[in-house]
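Here's the structure, in structure tokens; my notes come after.
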Amino acid sequence: MSFVPLVRLWLWVSAFASAAGWTLSAFGQLNRTGYTIAFAVFVIFLFLGRKELGLFSGGKIFCLKKFLRRFRRPLPLCFAALAVLIFLGGAIYPPSNYTGISYRLPRALQWLAHDGWFWIHTPVFRMNDRACGMEWLTAPLLLFTKSDRALFLLNFIPFLLLPGLVFSIFTRLGVRARVAWQWMWLLPTGYDFLLQAGSIANDTFPTVYALASVDFAARAWQSRRAADLWHSILAAALVTGAKASNLPLLLPAAILIFAVLPLLRRKPVATLAVILLAALVSFLPTAILNFHYLGDWSGLSIEHKGMDMKNPVVGIWGNALLIAFNNFVPPLCPFAGWWNQNALTLLPHFIVAPMVANFEAGFETIGELPIEDSAGIGFGVSVLLLVSLAAARLAKNSGTENTKNTTTFHPAIPREFSRLVLVAPWFALLAYGMKSGMVTPQRLIAPYYLLLVPVLLTGAGQSQIIRRGGGACWSPAF
């Protein structure tokens, strides 16, 4: 069963949820009747456009034998075991994510109670100025099930789509297939992805949109189909509609889309419709409303002190320090309490003073265990990446690497564009660091991680490591 139609379907489901939320709100019909009519229109649209949009793969839809055969190897088996445990955890236990319960669920319930979005008069500013992607996915489930127990699926389903997207993007951008296959199972076992896959948090679920925006843009180079560009544009819009902090992640997809824009001229009417839909499901509606009520499109004017970075230079090295430090903190950290009490006095003044002046309070704190409100990709994946880079470097220095052809790029994409796309996520992260002073950046950049990694894994050295070692046989999550 190909993962690509499933990704396309998830993009359209996500777009439908956001478009329906804003549209029904405009007519004051954010209720069961409104959603029923909207859902009927959506099903008709999917049926009529199933071939053009590539929502269903040709041939046999599902082969159980082939599906089970994939799990004979250790890494897919470990990933499947984790997925089962995550599903059981999400199904058995009620949601407990702090930000989800404190403002995302309440704002969705308020909108449903008033038949549409409205500016809520409350000191809890996050109920108004934040992006609404997760809330619009949440609203119909709350409305029709009258429960929050199924909401974890909004994170669990995207989690299952990560391995296929990772492999597709990595191989298209120059990572050897052998290397990409190993990392497609390892990277989604980062702590933030595992902890939020059974949660109602909203940091990791846009990762699928970020990956899909690049993947479908890269596919368009080979297929020359406008539909692939439509999906790339839609995914790029959805990643911003999930969180404003994801706006810099438009850069990698934009580089690929820009060079093949003439493909969109073949179907101008459909392209215009997709662009309008993308605008509706992006951060744009929230930005317009923020400007209307606050005079500030970002909403930072009412946020806590330190969220809007004052000094971009401090933002760059400060965020880099926090991201690196928090991702290498051991998963069991009994000295966390002592560190939190003494960190600001132990660290050099030339580090502490600029960070205190520019970041939110509490930036220095760590936890005894990884939790969904603060975990980054985590110790296991971070150490494995570091060891992999060092081993590849040693292989190169020992002369075992073929230096004449260290990176094999996809034949349909010119080397120059592939290289630009490989480094673009790092520039996006740089832009994030210059603007954000929020605590726990290691959690907030969750959609960035899987696009930052490919440039580190290109070259024959990584392939040599796996060939000699027989491949990785464990998951950092265990």
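Laboratory data are not the source of any read-out in this text; all were calculated from the coordinates shown. Everything quoted here is computed from the prediction, not taken from an experiment. Positions of Cβ are backbone-derived with ideal geometry, glycine not excepted, and every protein chain shown enters the neighbour counts.
Computed log10 I(q)/I(0) for segment 1-107 at 0.12, 0.13, 0.22 Å⁻¹: -0.72, -0.82, -1.15, from the Debye equation with unit scatterers placed on every C-alpha and solvent omitted. If you wrap segment 156-246 in the convex hull of its Cα atoms and look at it from every side, the mean projected area works out to 6.0 nm².
Placing a label point 7 Å from the Cα of residue 64 along the Cα-to-Cβ direction, the residues of segment 1-28 whose backbone N falls under 16 Å from that point are 1. The loop-placed trypsin sites (Lys or Arg not before Pro) in segment 49-121, going by DSSP, that have at most 14 neighbouring Cβ atoms within 10 Å of their Cβ come out as 50, 51, 60.
Expressed in units of 2.2 N^0.38 Å, where N is the residue count, the Cα radius of gyration of segment 210-278 is 1.02. When the Kirkwood hydrodynamic radius is evaluated over all pairs of different C-alpha atoms of the chain, what value in angstrom, to one decimal, is obtained? After inverting the pairwise mean of 1/r, the radius is 23.4 Å. Projecting label points 7 angstrom from Cα along Cα→Cβ for residue 150 and residue 92 puts them 2.2 nm apart. If the segment from residue 267 to residue 119 were pulled out straight at 0.36 nm per residue, it would be longer than the present Cα-Cα gap by 49.5 nm. Based on DSSP H segments of at least four residues, each scored -39500 (n - 2.57), the chain has a per-residue ellipticity at 222 nm of -19500 deg cm²/dmol.
Radius of gyration over Kirkwood radius for segment 131-287, both on Cα atoms: the Rg/Rh ratio is 0.99.
Loop-located chymotrypsin sites (Phe, Trp or Tyr not before Pro) in segment 5-58 (DSSP state not H, G, I, E or B) with no more than 16 neighbouring Cβ atoms inside 10 Å: 27, 56.
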